[in-house]
Amino acid sequence: QVQLVESGGGLVQPGGSLRLSCAASGSIFRLYAMGWYRQAPGKQRELVATVTGGTTNYADSVKGRFTISRDNAKNTVYLQMNSLKPEDTAVYYCTGHQGGVNYWGQGTQVTVSS
């Protein structure tokens, strides 16, 4: 069993920045891709960013503003969010893949509002 715990969410004004963290723990033997998804009320869950080895991928809506990074020694993935917009408001979920299974965190709320 793998547990993922997100932190760093909160309220920020448009144009501001937040840094999300996701720490993985438990029965980790080989954790492959890690990433972030988000879901706003009444909308579908959408991919934000993933990191697999040295390869990163981003949704078009966040390219140039968000940066995903990974500390393999700590089994932690980060999401640096800059130039935040109101449309970035959502619950952000951390995900990790291991042994053919996707694991999910409980989510952290990000609200961008003046």
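Structure notes:
- On the stretch given as the stretch 29-55, residues that are more than 11 Å from LEU79 (Cβ to Cβ) and of a type in the set (Val, Ile, Thr) total 2.
- Residue within the stretch 94-102 that is open to solvent by 40 Å² or more (accessible area, probe 1.4 Å) and either of a type in the set (Asp, Glu) or in contact with an Asp or Glu (Cβ under 9 Å, 6 or more places away or on another chain) (or both) present: no
- Output for the stretch 10-24, where each listed residue is hydroxyl-bearing (Ser, Thr, Tyr) and over 24 Å from TYR103 (Cβ atoms): SER17
Results for (1) open to solvent by 50 Å² or more (accessible area, probe 1.4 Å); (2) out of contact with any Pro (no Cβ under 6 Å at 6 or more places or on another chain); (3) assigned to a loop (DSSP other than H, G, I, E, B); (4) polar (S, T, N, Q), shown as yes or no for each residue.
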{"site": "LEU11", "(1), (2), (3), (4)": "yes, yes, no, no"}
{"site": "PHE29", "(1), (2), (3), (4)": "yes, yes, yes, no"}
{"site": "TRP36", "(1), (2), (3), (4)": "no, yes, no, no"}
{"site": "GLY42", "(1), (2), (3), (4)": "yes, yes, yes, no"}
{"site": "LEU47", "(1), (2), (3), (4)": "yes, yes, no, no"}
{"site": "THR50", "(1), (2), (3), (4)": "no, yes, no, yes"}
{"site": "ASN57", "(1), (2), (3), (4)": "yes, yes, no, yes"}
{"site": "LYS63", "(1), (2), (3), (4)": "yes, yes, yes, no"}
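- When restricted to residues that are at pLDDT 95 or above and either in a loop (DSSP other than H, G, I, E, B) or in contact with a Pro (Cβ under 9 Å, 6 or more places away or on another chain) (or both), the stretch 92-110 contains 3.
- Members of the stretch 79-88 found to be outside any helix (DSSP H, G or I), at negative phi and surrounded by fewer than 18 Cβ atoms within 10 Å (Cβ to Cβ), listed by number: GLN80, ASN82, LYS85
- Against the criterion of being under 15 Å from THR111 (Cβ atoms) and under 10 Å from the mean Cα position of the chain (by Cα), TYR37 does not qualify.
The values are calculated or read from the model by the stated rules, or taken from the named source; none is laboratory data. Given the structure is predicted, the values throughout are model-derived calculations rather than measurements. Quick reminder, even Gly has a Cβ in these numbers, built from the backbone with ideal geometry, and neighbours come from all protein chains shown. Please note that ligands, DNA and RNA were not included when accessible areas were found on the heavy atoms of the full protein model with its side chains. Shrake-Rupley method; radii C 1.70, N 1.55, O 1.52, S 1.80 Å.
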